Amino acid sequence: MTPHPASDATDVSAVLVEGPWRHRLVAAHGARFHVAELGEGPLVLLLHDFPQFWWAWRAQLVALASAGYRAVAMDLRGYGASDKPPRGYDTPTSAADVAAVVRALGERDAVVVGLGIGGRTAWALPSLHPEQVRGVVVVGAAHPLLSGHVLRDRLGRPAGFDTTRTAFWRQLPALPERSFLRGDGVERVLRERSGPGWPAAEDVARYAEAIRVPFVAHSALEYHRWIARSAVRADGRRFAAALRGGVHVPVLQVRGELDPTVSTATLEAAARFAHGPHRLEEVPGVGHYVPEEAPERLAPLLAGWLARW
């Protein structure tokens, strides 16, 4: 992995967006992770999707802090201001990262809220690190054992076919990185997954700038490459075996009504892995990026569910 050319690179300070939150680095699982945190109370840890970073949760940081929670949005390994080592972009390592961040924050456990790739990690956490998780909220993500279900479902829908074609294209070496660094790759991903009215030009610019932080484009794509290859790898088979017992903590699944990446039927199928309290909510009129497309609707949904646990 080589650094981006100087003309393309973004300084990491670009992702340290100012606001009411506090930025800091925490050492966990052999790496340093950047977090933005706000509020006091039970810990709620927020995990972003591709091609985002912690900033995707800015509205929920404020809303959750106001509701009496310690809200923390982290940059996943390889993203934003977190470390970007050459390895560790598999879901088991991501789950270990998050569990270690919970401990590094001085907490025994957390409710983990994840969108997309972050949602996949959230699903895995109660099986791999149950002591660090008291509940999970999964936004726009299928249970990891339903990958085949997701593929069949997407191929049956025109918009889903587009997102599946994009997923296969990400397996190619170098070309996807080039698209995100010098082309319109970020904008295309955001627009093909979202509903009408989002993203605004400033959202596209923010994420396009963030992915030009050195090594981010490659690291971010490595998560998707591992998912695709895991079915035929020993570590992928071990991961699947660990998840077959399901989860025994409260689970809230959230889906934007227009999300082309995962269907309601796929989320309903995940109920068989949820052996504790389980709830599925659909947010009308929006796509995959619910925390940014409908922050004012997600906030009371999260706060109301969290208050029960």
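The values are calculated or read from the model by the stated rules, or taken from the named source; none is laboratory data. Computed from a predicted model, the values in this text were never measured in an experiment. Cβ sites come from the backbone with ideal geometry, for glycine too, and all protein chains shown count toward neighbours. The accessibility values were calculated without ligands, DNA or RNA, using every heavy atom of the protein model including side chains. Shrake-Rupley method; radii C 1.70, N 1.55, O 1.52, S 1.80 Å.
DSSP beta bridges confined to the chain are antiparallel in about 30 percent of cases.
When Arg24, Arg182 are compared by accessible area at a 1.4 angstrom probe, the order from most to least is Arg182, Arg24. The label point for Ala27 and the one for His278, both projected 7 Å from the Cα toward the Cβ, are 4.1 nm apart. Once a ≥ b ≥ c are taken as the square roots of the eigenvalues of the Cα gyration tensor of the stretch 162-309, is the result rounded (a/c under 1.5), prolate (a/b larger than b/c) or oblate (a/b not larger than b/c)? Judged from the Cα gyration tensor, the stretch 162-309 comes out oblate (a/c at least 1.5, b/c at or above a/b).
Would you mind classifying the stretch 7-135 by shape? Square roots of the alpha carbon gyration tensor eigenvalues, ordered a ≥ b ≥ c; an a/c under 1.5 is rounded, otherwise it is prolate if a/b is larger than b/c and oblate if not.
Oblate is the answer for the stretch 7-135, as a/c is 1.5 or above yet b/c matches or exceeds a/b.
Considering only alpha-carbon pairs that sit under 8 angstrom and 6 or more positions apart, the relative contact order computed for the chain is 20 percent. Annotation: Asp109 carries an accessible surface of approximately 30 Å², with a 1.4 Å probe and no ligand, DNA or RNA atoms counted.
Based on Cβ point charges of +1 for Lys and Arg and -1 for Asp and Glu, what charge dipole magnitude is obtained for the stretch 232-287 about its Cα centre, in debye rounded to the nearest 20?
Values: 7 positive and 6 negative charges, 94 e Å.
So the dipole magnitude of the stretch 232-287 works out to roughly 460 debye.
For the chain, the fraction of 1.4 Å probe accessible surface lying on carbon and sulfur atoms is 55 percent. Note on Ala242 and Ala205: their simple-model spin labels are 4.2 nm apart, each label 7 Å out from Cα toward Cβ. Ranking Glu268, Glu257 by solvent-accessible area of protein heavy atoms (1.4 Å probe, all protein chains present), from largest to smallest, gives Glu268, Glu257.
Using a 10 Å cut-off on Cβ atoms, rank the peptides 59-72, 113-126 from the highest mean neighbour count down.
Averaged packing, sorted descending, gives the order 113-126, 59-72.
The H on the amide N of Arg134, modeled in the peptide plane, is under 5 Å from the matching H of Ala110, Val111, Val112, each at least 5 residues off or on a different chain.
For His278, the residues whose amide H sits under 5 Å from its own are Val251, ignoring neighbours fewer than 5 places away on the same chain, with H placed 1.01 Å from N. Entry comment: accessible area of the chain is 39 Å² per residue, from protein heavy atoms only and a probe of 1.4 Å. Taking each residue as 0.36 nm, the span from Ala271 to Ala231 lengthens on full extension beyond its C-alpha to C-alpha distance by 12.2 nm.
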